[in-house]
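Let me begin by presenting the structure, written as structure tokens, before commenting on it.
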Amino acid sequence: MTTQGLVIINTGHGKGKSTAAFGQAVRAAGHGLRVCIIQFIKGQSDTGEALAFTSAFPGQVELHLVGTGFTWQEDKETVKAAALTGWELAKEKILSAAYDLIVLDELTYLIGFGIVSQEEVIGLFRRRPKRLHLVITGRDASQGLIDYADLVTEMRAIKHPFQKGIKAQKGIEF
């Protein structure tokens, strides 16, 4: 049976984009698929997903934290350099044919901040192995990326505990 790789986007301003992508990665790994996750913005290694993937799926799920943390807390040139390093890694992994599913967490920001062009991203996606599934997350996915994708889900914020002054909690937000 030949697999047709899908391009899946989780976008919008609501919570759950990365969480849904990690759920997809767990599902794939549970079926024995080879998974690679590249997190473009997050820079801490003690997130729940990092701890879970490295302990539950050693050697099967590869996780790369290439970000510097939250972009509004860092020097823009530092953020851009880290993002470009991550983009080079993503190109290598996508073209390697070594994976069944690759999650590009927060990739939409690279396009939105003008670090990588939408055309370059879509051009790479067109050259990927036909069986490779891609999951892209982040707010404000570009229209071209949305048009190219096979499945797009928009997370919409209706209510969030932060609005009540409740800070991010271990196991829920990270």
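Tabulated data for the structure shown
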quantity	calculated
Odd one out for E154 among (1) free of Cβ contacts under 8 Å to residues at least 24 places away in the same chain; (2) outside any helix (DSSP H, G or I)	(1)
From K130, K93, K164, residue being more than 23 Å from V35 (Cα to Cα) and not β-branched (V, I, T)	K164
Check on A141, of a type in the set (A, V, I, L, M) and at positive phi	no
Breaking point among (1) under 18 Å from R131 (Cα atoms); (2) in contact with a helix residue (DSSP H, G or I) (Cβ under 8 Å, 6 or more places away or on another chain); (3) in contact (Cβ under 8 Å) with a residue 40 or more places away in the chain, for Q24	(2)
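We did not get these values from a lab; they are worked out from the coordinates using the rules stated. Predicted model, so just to flag it, every value in this text is computed and none were measured. Reconstructed Cβ throughout: ideal geometry from the backbone, glycine too, with neighbour counts over all protein chains shown.
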